[in-house]
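The values are calculated or read from the model by the stated rules, or taken from the named source; none is laboratory data. Quantities reported herein were computed from a predicted structural model and do not represent experimental measurements. Heads up, the Cβs are rebuilt from the backbone with ideal geometry, glycines too, and the neighbour counts pull from every protein chain shown.
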Amino acid sequence: MDFKGEIRQGIPTTLPNKKKYELEVSHAPRRVIEGVLSEKEKQLAIRNALRYFKAEHHELLASEFATELEEYGRIYMLRFRPEYKMYARSIEEYPYKTAQAAAIMLMIQNNLDPKVAKHPHELITYGGNGAVFQNWAQYLLTMQYLSEMTEKQTLVLYSGHPLGLFPSHKDAPRVVVTNGMMIPNYSKKSDWNKYNALGVTSYGQMTAGSFMYIGPQGIVHGTTITLLNAGRKLGLGDHDLAGKLYITSGLGGMSGAQALAGVITKCVSVIGEVDGKTIDQRVVDGYVLAENVFTDLDKLIARCQEARANKEAVALVYYGNIVALWEKFVEENISVELGSDQTSLHNIDDLGYCPIGYTFDEAKELLIQDKDKFMSEITATLKRHVNAINSLSAKGMYFWDYGNAFLKEAGDAGADIWKNEEEKIFKYPSYVEDIMGPMCFDYGFGPFRWVCTSGDKTDLDKTDAIAAEVIKEMQQDAPPQIQSQLKDNLTWIEAADKNIPVVGSKSRILYADADGRIKIALAFNKAIASGALSAPVVLGRDHHDVSGTDSPFRETANIYDGSRFTADMAVHNVIGDSFRGATWESLHNGGGVGWGEVMNGGFGMVLDGSADSERRLKSMLFWDVNNGIARRSWARNDEAIFTAKRAMEQNPDLKITIPNIAEDQVIMDAFSKLKSEG
Ligand SMILES: NC(=O)c1ccc[n+]([C@@H]2O[C@H](COP(=O)([O-])OP(=O)(O)OC[C@H]3O[C@@H](n4cnc5c(N)ncnc54)[C@H](O)[C@@H]3O)[C@@H](O)[C@H]2O)c1
């Protein structure tokens, strides 16, 4: 059977051969279900899984799935992983009745491509547990539905489960995805483990479960911008960080971007990574040079000082625990300009953070054998981690939380991390609070992205050139407040092709504001209509954006009116996008900072050069950014108030409720008056 036939077939009626467990592929860690699922609940997990298959296969599959559940802590239905190569094909290679559905198939396959996904056989794209689907039956059935859907239908996905095709209309989203929507009281991390093991909910991370992950370049661009703006904030340099030192951890899915971003910004970065396999992968990827990996801290320090003196743009790696690295810098009394952390602290239960005194493998063993001891070692490690950072910060280092739940977990561990524990104010800002929020999101700048569905590199090159032209035009009359953003983004797009190889689909990320996104999208649509671009273009963005995500310690960390613990913005964003023309929509619980800690959403939009596309992009992209601008402005953020007023000047139909700002003294007096009267 050819590829199209296999897609149309969905779940095969004849059982495919059992697949061998390929050791050369990166596999998800075993999920701990001991003490999580009772015997009855394990039976329920099997009963749930068998719903996808005909009764004649139940006996065989029941025992096979029981084995998977015991061995991996999940039922992935590994036998059903397709034999065809998994990658984003050109749009015309998919069987479809609407090109919109074909574009979605392309995006799904990209997110499962072994070159793109972290644990491809377990359908995990990134972030340790960011799943595209829970199991292979869901994948097969979804692809089948997409191959047969028309523009009068919408596919509904509940945490990867395709509930079915429902009649809708041409302007409706073709797919609506939710991942991990829980009754709030059942949204603790342990709930994820239980209900995911039962097969009824999923962790979609941000872009994994919405099929919008485009490989590491997205994060490289974002990290570059964060480092540059951190430098600007500290007066370390307007355009680069030459001769400055950045210490951090993690060479994983997203954290690995730090090595490249460090070099792009011309600083000396020193990155601690405890997992040897991860370091090897980054050497293979070309992110770090083998000669720059050290196990000896003295040698590493000597090389670091040399690189700093020579203003080398270089990424040095310490193969070991980040806490040992920090403590060495304290011991040697070496000043550091910038510091952060990108271990997966949001995911401690799956070894996202390795306790000191243990190799990565030893920690894995400890986690399985003695979870309580593991947790107490984590607590002790976090306290040491924070102490070392406190020492260096006292000497002038600027440290920020990189959205990995560092501050939160350190606070929970009882580390010396509070500025004011009662008011829940940490000593350090999150990168959104100080950098991304006020310098990007409040002006509407966020990680816009696109994918050329032809799969043709020349199309991608043309879109890069189109986007660069649009930015240059915008620079002519942009206000001074956003000139540095436009400059960074122009520099990025002009060098993106050279800076980082495109992995998987032919895609590009570019930070842009509402105006920029709309202008770039319009130019793409025109280019498709004229034939300058050979096929439709998919637009999207990271959920980590102006309006897409409510996350009190990350995306909405710079919201100070108390509303950062609400999730209205993210939910409204998805609802608003869906009736303004999105091709698919997704709403997730639990992105990078952990299950129950964040609500985030995103969209995909297929441009095909038509007038319909033009109408939809204008309407949806304007809302998609200005929803967040309006909320950020209502939270009294000056930059967002400026942007909201500018947006209203550009579009007379927009009326944003602008806050009146009360004087501090008026508020203070109100209470002192009450006291004196009382
Ligand atoms: N890069 C960004 O812009 C960005 C944005 C938001 C959030 N984050 C967060 O950053 C974290 C990292 O993301 P990722 O995709 O790279 O995850 P990942 O799990 O792929 O990588 C984390 C790495 O940290 C290493 N590690 C764990 N404990 C360590 C220790 N004590 N010492 C040294 N190394 C240690 C692990 O071996 C792993 O390779 C996540 O929590 C993510 O949500 C990153």
>> Please verify whether Ser633 is among the polar types (S, T, N, Q) and farther than 21 Å from Tyr511 by Cα, treating the condition exactly as stated.
In response: no
> If you take the residues of the range 251-267 that are within 15 Å of the ligand (Cβ to nearest atom) and touching an Asp or Glu at 6+ places or on another chain (Cβ under 7 Å), which of them is nearest to Asn129 (Cα to Cα)?
Replying inline: Leu251
>> Exactly one condition in (1) closer than 24 Å to Gly602 by Cα; (2) among the β-branched types (Val, Ile, Thr); (3) in contact with a strand residue (DSSP E or B) (Cβ under 6 Å, 6 or more places away or on another chain) is false for Ile417; which is it?
In response: (1)
> Counting just the residues of the range 458-492 that are modelled with pLDDT of 95 or more and of a type in the set (Val, Ile, Thr), which one comes out nearest to Thr265 (Cα to Cα)?
Replying inline: Ile471
> Being within 16 Å of the ligand (Cβ to nearest atom), part of a loop (DSSP other than H, G, I, E, B), in contact (Cβ under 8 Å) with a residue 60 or more places away in the chain and not assigned by TED's automatic domain parsing to the domain that holds Ala137, is that true of even one residue in the range 241-250?
Replying inline: yes
> Out of the residues in the range 577-590 that are not acidic (Asp, Glu) and not in a strand (DSSP E or B), which is surrounded by the fewest Cβ atoms within 10 Å (Cβ to Cβ)?
Replying inline: Phe579
>> For the range 552-563, give me the residue count where each residue is surrounded by fewer than 24 Cβ atoms within 10 Å (Cβ to Cβ), more than 16 Å from the ligand (Cβ to nearest atom) and not acidic (Asp, Glu).
In response: 3
> Going by the structure shown, is Gly446 over 30 Å from Arg646 (Cα atoms), touching a residue at least 40 places away in the same chain (Cβ under 8 Å) and small (Gly, Ala, Ser)?
Replying inline: no
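Determine which member of the set Glu614, Glu677, Glu649, Glu639 is over 27 Å from Gly180 (Cβ atoms), at pLDDT 95 or above, out of contact with any helix residue (DSSP H, G or I) (no Cβ under 8 Å at 6 or more places or on another chain) and of a type in the set (Asp, Glu).
Working: Glu614 fails: out of contact with any helix residue (DSSP H, G or I) (no Cβ under 8 Å at 6 or more places or on another chain); Glu677 fails: at pLDDT 95 or above; Glu639 fails: out of contact with any helix residue (DSSP H, G or I) (no Cβ under 8 Å at 6 or more places or on another chain).
Criteria check complete, one pass: Glu649.
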> For the range 124-150, how many residues meet the condition of being away from the ligand (no atom under 16 Å from the Cβ) and assigned to a loop (DSSP other than H, G, I, E, B)?
Replying inline: 5
> Within the range 280-301, which residues are assigned to a helix (DSSP H, G or I), at pLDDT 95 or above and not small (Gly, Ala, Ser)?
Replying inline: Glu291, Asn292, Leu297, Asp298, Lys299, Leu300, Ile301
> Are any of the residues in the range 507-519 among the aliphatic types (A, V, I, L, M) and either more than 30 Å from Gln476 (Cβ to Cβ) or free of Cβ contacts under 8 Å to residues at least 60 places away in the same chain (or both)?
Replying inline: no
> Can you tell me which of Tyr96, Tyr84, Tyr145, Tyr126 is in contact with a strand residue (DSSP E or B) (Cβ under 6 Å, 6 or more places away or on another chain) and aromatic (Phe, Trp, Tyr)?
Replying inline: Tyr145
> Do you know which residues across the range 201-223 are more than 20 Å from Met397 (Cβ to Cβ), within 11 Å of the ligand (Cβ to nearest atom) and not small (Gly, Ala, Ser)?
Replying inline: Gln205, Met206, Tyr213, Pro216, Ile219, Val220, His221
> Name the residues in the range 537-551 that are in a strand (DSSP E or B) and either among the polar types (S, T, N, Q) or within 16 Å of the ligand (Cβ to nearest atom) (or both), would you?
Replying inline: Arg541, Thr549, Asp550
>> Restricting to the range 173-215, give me the number of residues that are free of Cβ contacts under 8 Å to residues at least 24 places away in the same chain and either hydroxyl-bearing (Ser, Thr, Tyr) or assigned to a loop (DSSP other than H, G, I, E, B) (or both).
In response: 3
> Is it true that Val270 is in the same structural domain as Val336 (by TED's automatic domain parsing) and part of a loop (DSSP other than H, G, I, E, B)?
Replying inline: no
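Between Gly352, Gly339, Gly320, which is closer than 19 Å to Ala388 by Cα and within 13 Å of the ligand (Cβ to nearest atom)? Full working, then the answer.
On the way: Gly352 fails: closer than 19 Å to Ala388 by Cα; Gly339 fails: within 13 Å of the ligand (Cβ to nearest atom).
After applying the criteria, what remains is Gly320.
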>> I'm checking my understanding of the structure. Among residues of the range 403-438 that are within 14 Å of the ligand (Cβ to nearest atom) and polar (S, T, N, Q), which one is farthest from Met599 (Cα to Cα)?
In response: Ser430
>> Regarding the range 350-357, can at least one residue be identified that is assigned to a helix (DSSP H, G or I) and either more than 20 Å from Asp412 (Cβ to Cβ) or of a type in the set (S, T, N, Q) (or both)?
In response: no
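Show me the helices (runs of 4 or more DSSP H) found entirely inside the range 591-678 where at least 3 residues are among the polar types (S, T, N, Q). Talk me through it step by step, then tell me what you get.
On the way: elements: 611-634, 638-650, 664-677.
Passing ranges, in order: 611-634, 664-677.
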> If you scan the range 50-62, which residues turn out to be in a helix (DSSP H, G or I), surrounded by 11 or more Cβ atoms within 10 Å (Cβ to Cβ) and either free of Cβ contacts under 8 Å to residues at least 12 places away in the same chain or not aromatic (Phe, Trp, Tyr) (or both)?
Replying inline: Leu50, His57, His58, Leu60, Leu61, Ala62
>> Out of Gly262, Gly253, Gly218, I need the residue that is part of a loop (DSSP other than H, G, I, E, B) and surrounded by 19 or more Cβ atoms within 10 Å (Cβ to Cβ). Which one?
In response: Gly253
>> Looking for something within 14 Å of the ligand (Cβ to nearest atom), in a helix (DSSP H, G or I) and not assigned by TED's automatic domain parsing to the domain that holds Gly35 - is there at least one such residue anywhere in the range 302-316?
In response: no
> Condition test on Asp459, is it buried (at least 18 other Cβ atoms within 10 Å of the Cβ), in contact (Cβ under 8 Å) with a residue 60 or more places away in the chain and in contact with a helix residue (DSSP H, G or I) (Cβ under 7 Å, 6 or more places away or on another chain)?
Replying inline: no
